[in-house]
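The structure appears right after this line, and notes come after that.
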Amino acid sequence: MKVVKDLFYTEDHEWVKVDGDEAYIGLSDYAQNALGDIVYVDLPEVEDEFDKEEGFSAVESVKAAADIYMPVGGTILEINEDLFDNPELLNQDPYENWVVKIKVADKAELDELMTSEEYEKFLDEEV
Amino acid sequence: MRKYNELIFELSKPGRTAYRLPENDVENIAVEELIPAEYLNDDELNLPEVSEVDIIRHYTNLSDKNFGVDTGFYPLGSCTMKYNPKINEDMASLDGFKNIHPLQSEETVQGALKLMYELDKALCEIAGMDKMTLQPAAGAHGELTGLTLIKAYHENRGDTKRTKIIVPDSAHGTNPASAIMAGFDTIEIKSTKDGLVDIESLKAALSDEVAGLMLTNPNTLGLFEKDIKEIADLVHGCGGLLYYDGANANAILGQARPGDMGFDVVHFNIHKTFSTPHGGGGPGSGPVGVKKILLDFIPTPTVEKDGDRYYLDYDYPKSVGRMKDFYGHFGILVRAYTYILTMGRDGLKKASEMAVLNANYLGHRLKDHYNLQEDTIFKHEFVLAGLKDGLSEVTTLDVAKRLLDYGYHPPTVYFPLIVNEALMPEPTESESKETLDEFADALIKIAEEARENPEILKEAPHNTPVGRVNETQAARNPVLKYEG
């Protein structure tokens, strides 16, 4: 499974790309592979606020439906509208195709996330 | 399975008919005089033009492609596709059950009311509960009903901050969905490595905001939650209630009762556990049982008895109201009551014992070829985590598709979500050792094929009227109607 460096990861297989006070959130390669072909993505509204670990979006694949959880609390700044018509983008390139962009509420929460090295280890040992 | 794939439209020949309308003996009125022009559709109506024999052959051939418990082995985990004894049908077609109307006066349907009253009592005894409502139309509807009762219970006490329902990560997808439908938020808790509720994860989730816990026991890995008393004490200790999802009740009939385990509200899937038609043959039925503390809120009407007379009781001022029009799926209730009486106390007990024995026999015959998720004694179903050899190119989906070629309905796949490449067989008590052996032999043969000739699996099924369908394409771009 591909794990991209310089991103943060969660045990629920979301990735976070931090850019100042803002961050992009997406699904890891492991997540898209485990889900299989994704056929539908449900996205939140811009300006919605979510706590850390709160479900903000849902993906449906031919195998399962799964929530996507907030790696850190924050406010939705942008949603990736391309996913409405082309949910397969998450399968094709899960790191290029982010799900939402957020304003991070508390940057200290970022410290609780896994680094790419830690996530690789987590995949080896736990999954 | 017959290779017949025609659409009725493809049989159509201009001018061919199966029926001739009688001569018109009333006045002709132009449709334009009756309906404003803007509402009229001037497209040609595309209806198939076929003869009577075309129609009969078409639909008979389609019906011939059905697969059900009456045609073959159907080991669909967590769905309990047990055989539906035909005496159930005989009883449901008795004149006094079949040809009555829900608005008839109580005096004229005493037999039907008695049946509902007695079924309530029988299910209460099996579940260890105090009262049942027979209204819910299926399992998930039972969940919604039960959670609505839990909500009413807390609100009646003025405890409005209990907005959360705890659901284990091995739960049926309907559990969190029903909780949301009932107006709750859900908290997911983890399972241990042994596949049981993680007590520490549960403790961490408990608070004065928790309305209750939903649990299936045995759970979706086929494992009995042996810590259920501790779980119940913990949830009750924080003021929450326990909901029992009866999907797997077939494993414990006559052996253990949800009420004794500490559950406050229970649903049974009549169409699973009590041998009524399931899947396309439904409808389902999901009676909900409650302990006394929830009785005030039960949907109305209930069926009660006064001396020798049975009547519908609407006198529950705090009732959550109706959950279903009329009284539930009555015809299905007749079948379930017939099953309970046919089997009797000892028969039901024996059924669960055989269901568990069959599952263990099958699971342990397969464990050298497939990864048995929990290599232990399980209950009525088990989960295989893919092929033992771990050939990554051959997936559980391929194995399931190949089973179709061997004439079996495949087990549930990719559920529970906590197991990779899950395949979940539930043989039920209905099957003989010979059937189980033939099925195990087929799965073992498929494991050999996966090693020697994986292509045959990748392209399966080969013997069905339609081969491997593109499920992704079907989900992303469904074609839902004929456009010839």
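Scanning the range B:406-434 for residues that are part of a strand (DSSP E or B) and among the β-branched types (V, I, T), which turns out nearest to the chain's Cα centre (by Cα)?
The selected residue is B:T412.
Going by what's in this entry, would A:V104 be described as away from chain B (no Cβ under 14 Å) and closer than 25 Å to B:A474 by Cα?
no
Given the conditions (1) in contact (Cβ under 8 Å) with a residue 12 or more places away in the chain; (2) over 30 Å from B:V466 (Cβ atoms), report the number of the one that B:F73 does not fulfil.
It is condition (2) that B:F73 fails.
If A:E78 satisfies all but one of (1) more than 14 Å from chain B (Cβ to nearest Cβ); (2) surrounded by 16 or more Cβ atoms within 10 Å (Cβ to Cβ); (3) in contact with a strand residue (DSSP E or B) (Cβ under 6 Å, 6 or more places away or on another chain), what's the number of the condition it fails?
With (1) more than 14 Å from chain B (Cβ to nearest Cβ); (2) surrounded by 16 or more Cβ atoms within 10 Å (Cβ to Cβ); (3) in contact with a strand residue (DSSP E or B) (Cβ under 6 Å, 6 or more places away or on another chain) applied to A:E78, the lone miss is (2).
For residues in the range B:409-449 being within 14 Å of another protein chain (Cβ to nearest Cβ) and among the polar types (S, T, N, Q), which is surrounded by the most Cβ atoms within 10 Å (Cβ to Cβ)?
Among them, the one singled out is B:T412.
Of all residues in the range B:3-61, how many are farther than 30 Å from B:N463 by Cβ and part of a loop (DSSP other than H, G, I, E, B)?
30
Going by what's in this entry, would B:V479 be described as surrounded by fewer than 14 Cβ atoms within 10 Å (Cβ to Cβ) and either part of a helix (DSSP H, G or I) or within 14 Å of another protein chain (Cβ to nearest Cβ) (or both)?
no
Test B:E452 against the criterion of being within 13 Å of chain A (Cβ to nearest Cβ), surrounded by fewer than 17 Cβ atoms within 10 Å (Cβ to Cβ) and not β-branched (V, I, T), and give yes or no.
no
Conditions tested, residue by residue: (1) buried (at least 21 other Cβ atoms within 10 Å of the Cβ); (2) part of a strand (DSSP E or B); (3) touching a strand residue (DSSP E or B) at 6+ places or on another chain (Cβ under 8 Å); (4) modelled with pLDDT under 95.
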{"position": "B:D70", "(1), (2), (3), (4)": "no, no, no, yes"}
{"position": "B:A112", "(1), (2), (3), (4)": "yes, no, no, no"}
{"position": "B:M132", "(1), (2), (3), (4)": "yes, yes, yes, no"}
{"position": "B:A137", "(1), (2), (3), (4)": "no, no, no, no"}
{"position": "B:G142", "(1), (2), (3), (4)": "yes, no, yes, no"}
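Here is a check on your reading of the model: is A:F56 buried (at least 16 other Cβ atoms within 10 Å of the Cβ), farther than 30 Å from B:V413 by Cα and among the aromatic types (F, W, Y)?
No: the conditions fail for A:F56.
Does the range A:48-62 contain at least one residue that is within 29 Å of B:A385 (Cα to Cα), away from every other protein chain (no Cβ under 12 Å) and touching a residue at least 40 places away in the same chain (Cβ under 8 Å)?
The answer is yes; a qualifying residue exists.
The rows are residues; the columns are (1) touching a helix residue (DSSP H, G or I) at 6+ places or on another chain (Cβ under 9 Å); (2) under 30 Å from B:L397 (Cβ atoms).
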{"position": "A:D6", "(1), (2)": "yes, no"}
{"position": "A:S61", "(1), (2)": "yes, yes"}
{"position": "A:I79", "(1), (2)": "no, no"}
{"position": "A:A105", "(1), (2)": "no, no"}
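Which of the residues that make up the range B:372-395 are more than 30 Å from B:G254 (Cα to Cα) and either modelled with pLDDT of 95 or more or not polar (S, T, N, Q) (or both)?
Scanning the range B:372-395 gives B:A385, B:G386, B:L387, B:K388, B:D389, B:G390, B:L391, B:E393, B:V394.
Only one of A:L90, A:L83 is under 24 Å from B:V419 (Cα atoms), crowded, with 22+ Cβ neighbours inside 10 Å, within 14 Å of another protein chain (Cβ to nearest Cβ) and of a type in the set (A, V, I, L, M); which?
Unique residue meeting the criteria: A:L90.
Six or more apart or on different chains, Cβ atoms under 8 Å: show the pairs whose first residue is in the range A:12-24 and in contact (Cβ under 8 Å) with a residue 24 or more places away in the chain and whose second is aromatic (F, W, Y) and not in a strand (DSSP E or B).
Final answer for the pair search is A:W15/A:Y95; A:K17/A:W98; A:Y24/A:W98.
The values are calculated or read from the model by the stated rules, or taken from the named source; none is laboratory data. Keep in mind it's a predicted model, so treat the numbers as computed, not measured. All Cβ positions, even for glycine, are placed from backbone atoms using ideal geometry, and neighbour counts span all protein chains on display.
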